[in-house]
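The values are calculated or read from the model by the stated rules, or taken from the named source; none is laboratory data. Values in this document were obtained by computation on a predicted structure and should not be read as measured data. Glycine also receives a Cβ, built like all others from the backbone with ideal geometry; neighbour counts cover every protein chain displayed.
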């Protein structure tokens, strides 16, 4: 997905008040802080999911630890697969943290 298409898609969701546009990790739904995250990196896939700026930053930080050549569109199939695993792991780590926090909060409120 090129930058122009990405921005048009994001603006359309904001304009329409799309209720499904919330952070998939923490549930934040303020359209001013939602960004579309390229799950496997911009050069490897057009698959995107909404993340708030905070969660997006955390997940991208993990992805950026991966060698840039190994996460580029020219990477070998093995490198791309490894990057996909890191990408999903980073997203699951953030989801797991949110679930742990939610569970602990629920226990305290019982």
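Quick look at the numbers
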item: Boolean, residue 18 is modelled with pLDDT under 85, in contact with a helix residue (DSSP H, G or I) (Cβ under 9 Å, 6 or more places away or on another chain) and either surrounded by 15 or more Cβ atoms within 10 Å (Cβ to Cβ) or farther than 21 Å from residue 102 by Cα (or both); result: yes
item: Boolean, residue 49 is touching a strand residue (DSSP E or B) at 6+ places or on another chain (Cβ under 8 Å) and touching a residue at least 24 places away in the same chain (Cβ under 8 Å); result: yes
item: Residues satisfying the stated conditions in the stretch 66-91, i.e. outside any helix (DSSP H, G or I) and either surrounded by 16 or more Cβ atoms within 10 Å (Cβ to Cβ) or modelled with pLDDT of 95 or more (or both); result: 66, 75
item: Unmet criterion (only one of (1) at pLDDT below 90; (2) surrounded by 12 or more Cβ atoms within 10 Å (Cβ to Cβ); (3) in contact with a helix residue (DSSP H, G or I) (Cβ under 9 Å, 6 or more places away or on another chain)) for residue 27; result: (2)
item: Tally of residues being assigned to a helix (DSSP H, G or I) and surrounded by fewer than 17 Cβ atoms within 10 Å (Cβ to Cβ) across the stretch 30-57; result: 3
